[in-house]
Amino acid sequence: MKDVAFGQYYPARSFVHRMDPRFKIVLSIAYIVAVFLVREFHFLGFAAAFAFIVIATAVSRVPFFKVLKSVKGILFFVIFSSVLQVLFNREGTVLAEWWVIVITDVGLLRAAFITLRIMLVVMGTAILTLTTTPVEIADGLESLLTPLKWIKFPVHEFALIMSIALRFIPTLMDETERIINAQKARGADFESGNLFKRIRALIPILIPLLVSSFRRADELGDAMDARCYSGAKGRTKYKKMRPTYRDFIALALMAGLIAGIVLLNGVLGVPV
Amino acid sequence: MSFIEAKEVYYRYPQAEKDALCGVDLTVEKGEYVAVIGHNGSGKSTLARLLNGLLQPTKGEIFVDGISAADKKTLFELRKRVGVVFQNPDNQLVASIVEDDVAFGPENIGVPRKEIGERIDFALSAVGMQEYRKSMASRLSGGQKQRVAIAGVLAIRPEVLILDESTAMLDPRGRREVTDVVKKLNRENGMTVLAVTHYMDEVCEADRVLVLSDGKIVMSGTPAEIFSREEELEKYELDVPVPARIAAMLRAGGMEIGRIYTKEELGDELCRLLPKI
Amino acid sequence: MQIVAENLSHVYSPKSKFAVSALKNVSLTIDEGEFFGIIGHTGSGKSTFIQHLNGLIKADKGSKKLTVGEFDLLDKKCDFKKLRSKVGMVFQYPEYQLFADTVAEDVAFGLKNFERLSEEETAARVREAIETVGLSYEEVKEKSPFDLSGGQKRRVAIAGVIVTKPEILVLDEPVAGLDPKGKKEFFALLHALHGGFVKTVVIVSHDMDNVAEHCTKAAVFENGEVWKVAPPKELFKEAETLAEMGLDVPVTGYLAARLAANGVKIDTDFTERDFARKVLETYRRAEEGR
């Protein structure tokens, strides 16, 4: 339970692990854009995107099945959306027909296309979360959001809130477990009854959790005050992120991928 | 002027019916180790909070190193000098990773980046946690978390360390870890320590003990002096340490045992009085 | 009700890389009427063990036996709900489980979960529980539990457990965070309960002085195994071994060991009073001999 704060992080010291988290975040976004750039039914573009994942996984030293496993969480969503595509698409040649259900070749292709697109996006972001701790991601986001200071966005506070939230996830998980056990010992039943009853049964958990969260927030506030916290002004930062050659290599690779996809889109006018 | 000086300090919480502290006078010299004991609600935690400026006295004056703790304008300077470690190990660490947490204080007071690294080294080795520098705070034991909390305070390089029941939620092993670290800081680094506690055996480490009851300092003296006044302590709803209690029973039974409050001393005495038969 | 565990094992998150073997082949019998202490480090398995006693944690398949009175906890058909009304459990810092608008409602929570009683009967039982823990029913019943003092909150939480009149009361570090007076009062309350409907008390404690003073028997857990089960009188004779395990020894145990090393044997049950009496006897004998 305590490992939630680690997210899916797979500890290792690889090329990808040692990249600047800011670059990893930006590249992940670029990757998503790249996948969406692939024109409909240009499956070769997907092949290029998949090749990118394979290379990235290989140099990250994360076992490939871990990356594949990330798809598991959204499997239901993937199946659901492809079934919808198959069932409600009326374009193209009819392959089979039964009652109101019409299955066409375009419908099948579209389902395959959407499925692959979602899977590629998820696998791409999984590489980010597998090689970057949530703390690093929070730091990276803070740095990336810095320009927003110009429009008075409280970047420092936002980052602090994120990092405190991450810090307290394991604590609150433990606490929830403890409260659940304590109420179960008093005969509370969370497993039976209708929906309404089950929601009501959560009150004896949620209220103590809420009360203790307020208490924790209070105490944390005092502890932060006592350690001279007074906002972003005059504050220095210990952790500094510096891009290295790794980040620029990755950047170049990504540029290559996007260029490749755009080329494939244009050159091959006909879907493959 | 003494290093810490409090004169006629009163404090009443908003909406409270009576004062939490009423007329406390206190002086602490540099390098002293002072323990503060008292029953729950005696005002001992309030005192700790006033010294760090988390609360301001409703009446009276407090000076630490010449800086007024009653003045909100000098709060920042005060807090640089007075570090506090609180009770709950889970509620005072800000960051998930140990070194990031220790860096929090120095970052707040604007220490340059390079020096923060040095301060983290110093603070973590002072509490014996250097090998956990990159660890997740959530994976540490209670005692280790409290030691990180102490390091987080030390990194600000304070003059006084206040422990506000910092061992109350720890198991014996964790308590020992924390008290050993604090003792070492006091003896070797000359850190002034003010420890609020209700573990009588921790009190034995102090140079001086203050007993608080209903917002007043009612007893003050060395541990030996305080623990010899058993009836008085009982009146203030406090205990004497077990060895002192046993010594008292033996004294009442006719054995000539002095004012003793640690088990080691009592062991020595017993070995002297009960020679091998 | 007697508690019997034979070859009880439990592994947390089995099959994962975080698998932790919390209990390994634990065999332990706790007879009715005991004031039973459970000693060990954080992580020694003691908390895991006590949570087996009311089925909050289920024993692993390989375990041989786990019964509480007539309840067979390894049986899938075991009525855990009924069991939980017979085995009251007070967790560490139990005041953090309070949730209801009023003290009376909070105390009634467990009772309503377990039994169907009329309003009057419920109110009577709640009153009894609140008064048993030393609070005034009329004074606190309508109050919000969150407005009480720390010590009062803990009492209310305990009232919420004993309201079902459990025969076995299990407590995990119940005096943590209390001041000396609070601790003393708490043990007085426990002994009072132990003489009534509570037949057996099982208490997890770090404080060996408390174990020596109050328990009739104690088990020492170490690395998920039971190292020893014995009355304090015998247990604390092994002061050195306990110290080697990094566990505390009561002050009386320490002193007896010091004297023993010096050739003076004190045959004590390690309560302070008894120790002092025996030391004085030895002392007088030595004086007379001189």
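Taking B:Gly258, B:Gly31, B:Gly142 as the candidate residues, the one with maximal mean-square fluctuation in a Gaussian network model of chain B, Cα springs under 10 Å, is B:Gly258.
Convex hull volume of the Cα atoms of the stretch B:213-255, normalised per residue: 67 Å³.
When the P(r) of the stretch B:4-240 is calculated, the portion above 27 Å amounts to 33% of the C-alpha pairs. Each residue of the stretch B:73-88 was assigned a 3J(HN,Hα) from its phi angle through the Karplus curve 6.51 cos²θ - 1.76 cosθ + 1.60 (θ = phi - 60°); the sequence is 6, 9, 3, 4, 5, 4, 5, 5, 8, 10, x, 10, 10, 8, 6, 8 Hz, with glycine and proline shown as x. Shape analysis of the stretch B:171-222 yields a ratio of the Cα radius of gyration to the Kirkwood radius, Rg/Rh, of 1.00.
Given Cβ point charges of +1 (Lys, Arg) and -1 (Asp, Glu) and nothing else, what value in debye, to the nearest 20, does the dipole of chain A about its Cα centre take? The partial results should precede the final answer.
On the way: 32 positive and 20 negative charges, 141 e Å.
Roughly 680 debye, rounded to the nearest 20.
With the convex hull drawn over the C-alpha atoms of the stretch A:95-162, the volume per residue is 167 Å³. Ranking of A:Arg110, C:Arg285 by neighbouring Cβ atoms within 10 Å, starting from the fewest: C:Arg285, A:Arg110. In this structure the amide hydrogen of B:Val36, modeled in the peptide plane, comes within under 5 Å of the amide hydrogens of B:Ala195, B:Val196, B:Thr197, B:Leu210, none closer than 5 places in sequence on its chain. Please compute the Cα-Cα pair-distance distribution of the stretch C:250-290 with 10 Å bins starting at 0, giving whole percents from short to long. The distribution over the stretch C:250-290 is 32, 54, 13, 0, given as percents. Based on C-alpha pairs under 8 angstrom that are at least 6 apart in sequence, chain C has a relative contact order of 22 percent. Can you give me the Cα centroid spacing of the stretch C:129-178 and the stretch A:201-272 in angstrom? Each part reduced to its Cα centre gives a spacing of 44 Å. Each peptide in C:82-90, C:237-245, A:114-122 receives the mean, over its residues, of other Cβ atoms within 10 Å, and ordering these scores from highest gives C:82-90, A:114-122, C:237-245. For the pair A:Val94 and C:Lys77, label points projected 7 Å from Cα toward Cβ lie 5.8 nm apart.
Report note on the peptides A:92-99, C:257-264: ranked by the mean count of other C-beta atoms within 10 Å, highest first, their order is C:257-264, A:92-99. Projected over every direction and averaged, the convex hull enclosing the alpha-carbon atoms of the stretch C:122-177 yields 4.1 nm². The calculated FRET efficiency for A:Asp105 paired with A:Leu210, based on their beta-carbon distance and R0 = 45 Å, is about 0.25. Hydrodynamic estimate: the Kirkwood radius of the stretch C:137-257 over Cα pairs, inserted into Stokes-Einstein at 4 °C and 1.567 mPa s, corresponds to D of 80 µm²/s.
Mean residue ellipticity at 222 nm, helices only, the protein assembly as shown: -15000 deg cm²/dmol; runs of at least 4 DSSP H residues each add -39,500 (n - 2.57), and the sum is divided by the number of residues.
Couplings 3J(HN,Hα) of the stretch C:58-70, computed from phi: 8, 5, 5, 3, x, 5, 8, 8, 8, 10, 10, x, 8 Hz, in residue order, whole Hz [Karplus 6.51 cos²θ - 1.76 cosθ + 1.60, θ = phi - 60°; x for Gly and Pro].
Shown is the FRET efficiency for C:Asn223 and A:Lys72, computed with R0 = 35 Å from the Cβ-Cβ distance and rounded to the nearest 0.05: 0.45.
Report Rg/Rh for chain A, rounded to two decimals, where Rg is the Cα radius of gyration and Rh the Kirkwood radius.
My calculation of the ratio gives 1.06.
In terms of other Cβ atoms within 10 Å, C:Arg155, B:Arg81 run from fewest to most in the order B:Arg81, C:Arg155. Projecting the alpha carbon convex hull of the stretch A:147-272 along each direction and taking the average yields 16.9 nm². For the peptide C:250-256, the mean number of other protein chain Cβ atoms found within 10 angstrom of a residue's Cβ is 5. Per the Debye formula with a single identical scatterer at each Cα and no solvent contribution, what log10 I(q)/I(0) holds for the protein assembly as shown at q = 0.06, 0.10 Å⁻¹? Each listed q maps to, in turn, -0.51, -1.23. Reducing the stretch B:172-206 and the stretch C:243-282 to their Cα centroids gives an inter-centroid distance of 26 Å.
Residue by residue, the stretch A:60-75 carries 3J(HN,Hα) couplings of 8, 6, 8, x, 4, 5, 5, 5, 4, 4, 4, 6, 3, x, 10, 4 Hz when phi is fed to the Karplus relation 6.51 cos²θ - 1.76 cosθ + 1.60 (θ = phi - 60°); x denotes Gly or Pro. For the stretch C:1-136, a Kirkwood radius taken over Cα pairs fed into Stokes-Einstein (37 °C, viscosity 0.692 mPa s) yields D = 192 µm²/s.
Of C:Val251, C:Val163, C:Val229, the residue with the greatest mean-square motion in the GNM of chain C, using alpha carbon springs below 10 Å, is C:Val251. For the cross-link pairs C:Lys143/C:Lys183; A:Lys197/C:Lys165; B:Lys72/B:Lys114; A:Lys69/A:Lys197; C:Lys112/C:Lys228, the ones whose C-alpha atoms lie over 29 Å apart are B:Lys72/B:Lys114; A:Lys69/A:Lys197; C:Lys112/C:Lys228. Inter-label distance, C:Ala188 to A:Val33: 7.4 nm, where each label sits 7 Å from its Cα along the C-beta direction.
Under 5 Å between amide hydrogens, built in the peptide plane, is the criterion, and for C:Val226 it picks out C:Ser27 among residues at least 5 positions away or on other chains.
Computed from point charges on the beta carbon alone (+1 for Lys and Arg, -1 for Asp and Glu), the dipole magnitude for the stretch B:63-107 about its Cα centre is near 340 Debye.
Over chain C, one equal point on each Cα, no solvent: what is log10 I(q)/I(0) by the Debye formula at q = 0.09, 0.15, 0.16 Å⁻¹? After summing over all Cα pairs, the log10 values are -0.50, -1.16, -1.26.
Listed from fewest to most Cβ neighbours within 10 Å, the set C:Ile38, A:Ile169 follows the order A:Ile169, C:Ile38. Quick check: Cα centre of the stretch B:1-68 to Cα centre of the stretch A:46-108, how many Å? Here the answer is 68 Å between Cα centres.
Assuming R0 = 35 Å, can you tell me the calculated FRET efficiency for the pair C:Thr102 and A:Ala165, based on Cβ-Cβ distance, to the nearest 0.05? Efficiency at R0 = 35 Å is approximately 0.60. Peptide B:210-218 has a mean of 0 when you count, residue by residue, the C-beta atoms of other protein chains within 10 Å of its C-beta. Of all the options A:Arg198, A:Arg167, A:Arg61, the one that moves most in a Gaussian network model of chain A with Cα springs shorter than 10 angstrom is A:Arg198. Past 28 Å, Cα to Cα: identify those pairs from B:Lys44/C:Lys184; A:Lys66/C:Lys65; A:Lys24/A:Lys152; B:Lys216/C:Lys153, in the order given. Where the Cα-Cα span goes over 28 Å, the pairs concerned are A:Lys66/C:Lys65. Note that the stretch A:160-217 carries a Kirkwood radius of 12.5 Å, evaluated over its alpha carbons pair by pair.
No lab work stands behind these numbers, since they all come straight from the coordinates. Every value quoted in this text rests on a predicted model; they were computed, and no experiment measured them. Cβ coordinates were reconstructed from backbone atoms using ideal geometry, including for glycine residues, and neighbour counts include every protein chain displayed.
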